[in-house]
Amino acid sequence: MDGSTTPTTAPVLILLGPPGAGKGTQARMLEEQFGLVQLSTGDLLRAAVAAGTDAGEQAKAVMEAGDLVSDDIVIAILRDRLADADCAKGVILDGFPRTTVQAKALDMLLAESGQKIDAAVSLDVDDAAMVDRISGRFTCGGCGEGYHDTYKAPKVAGQCDKCQGTDFKRRADDNAKTVAARLDAYHAQTAPLIAFYDAQGALARVDAMGAIDEIATTLGDIVRRATA
Ligand code: AP5
């Protein structure tokens, strides 16, 4: 990371949670509300796959199987993105870190510029509801806004609320078999980070089974407290 472009006061927030917990949905709302930058390693990896980069080629099959991409690849992608000038506003990490190795690497990257994690929020959900959330998910191909067939349909059917685009996409890994593998990966490799951030005094836990707007209100309060 280029410490010269990132002020030491820039907030750093982490959203932890299994697939479908609402990390992306909430990160985008916090981005709008607080002017922070959402950094989704899932989005960065999908962009690398689409661009056919070496990292993307290596990640493609792993993501399709619902496994975690190697720490080396993900840390390198995240480090490069954090060095971009817009991240000086502060970041919401959506889907990173996902292993203890990644969490320790993040601490080191932040320390290089005198930063630290302001809050790591665990979005707590029931596994059983996640397949339903994920199987109904779609996103706008124009601006990336996320939707759900039942829980967050566009106000005008077939038209994005944000950019009025009409091109919507569903993810290749949003199928029942891959979701089960992604949940397994979460419990085995990512859930231990809840204790990791608790030990740092940075952890907040949020019941993420409620309505999207109610969860956003709770998260907004956490962000305001953490960055006051
Ligand atoms: P990634 O893209 O990060 O996927 P994920 O973690 O599986 O999370 P999702 O995007 O599926 O869910 P979300 O929590 O963002 O939920 P959303 O807000 O969309 O990663 C994909 C893959 O990339 C991984 O499997 C791995 O291979 C790789 N990868 C990424 N990062 C990595 C890393 N750090 N290390 C290694 N590998 C990595 O919501 C889901 C749906 O539910 C939406 O339709 C939404 O509208 C709806 N919804 C949201 N909240 C609610 C609510 N409260 N009530 C009802 N519906 C809701």
Check: What is the log10 of I(q)/I(0) for the chain, computed with the Debye formula using one identical point scatterer on each Cα and no solvent, at q = 0.10, 0.15, 0.17 Å⁻¹?
Finding: -0.43, -1.05, -1.40
Note to self: I'd like the distance separating the alpha-carbon centroids of segment 94-117 and segment 46-68, in whole Å.
What the structure shows: 22
Item checked: Surface share of carbon and sulfur [accessible, 1.4 angstrom probe, percent] for segment 39-124 -> 53
Check: Counting DSSP beta bridges with both partners in the chain, what percentage is antiparallel, nearest 5?
Finding: 30
Note to self: With the cut-off at 20 Å, tell me which of the pairs Lys60/Lys152; Lys104/Lys177; Lys60/Lys169; Lys23/Lys155; Lys23/Lys152 have Cα atoms farther apart than that.
What the structure shows: Lys60/Lys152; Lys104/Lys177; Lys23/Lys155
Note to self: Taking all protein chains in place and a 1.4 Å probe, what share, in percent, of the accessible surface of segment 144-228 do carbon and sulfur account for?
What the structure shows: 52
Notebook entry, point to check: To the nearest 500 deg cm²/dmol, what mean residue ellipticity at 222 nm is calculated for the chain from DSSP H runs of n ≥ 4 alone, each contributing -39,500 (n - 2.57), summed and divided by the residues?
Noted result: -14000 deg cm²/dmol
Next item on the list: Might you tell me the accessible area per residue for the chain, computed with a 1.4 Å probe and given in Å²?
Entry: 47
Next item on the list: Determine how large the accessible area of Tyr197 is when every protein chain is in place; take a 1.4 Å probe and give Å² rounded to the nearest 10.
Entry: 0
Item checked: Test item: Cα-centred dipole of segment 97-203, Lys/Arg +1 and Asp/Glu -1 on Cβ, debye -> 320
Notebook entry, point to check: Taking only C-alpha pairs under 8 Å that are 6+ residues apart, what is the relative contact order of segment 1-125 in percent?
Noted result: 51
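The values are calculated or read from the model by the stated rules, or taken from the named source; none is laboratory data. No experiment lies behind these values; they were computed from the predicted model shown. Please note: Cβ atoms are built from the backbone with ideal geometry, for glycine as well, and neighbour counts cover all protein chains shown. Calculation scope for accessible area: heavy atoms of the full protein, side chains included, ligands and nucleic acids excluded. Shrake-Rupley method; radii C 1.70, N 1.55, O 1.52, S 1.80 Å.
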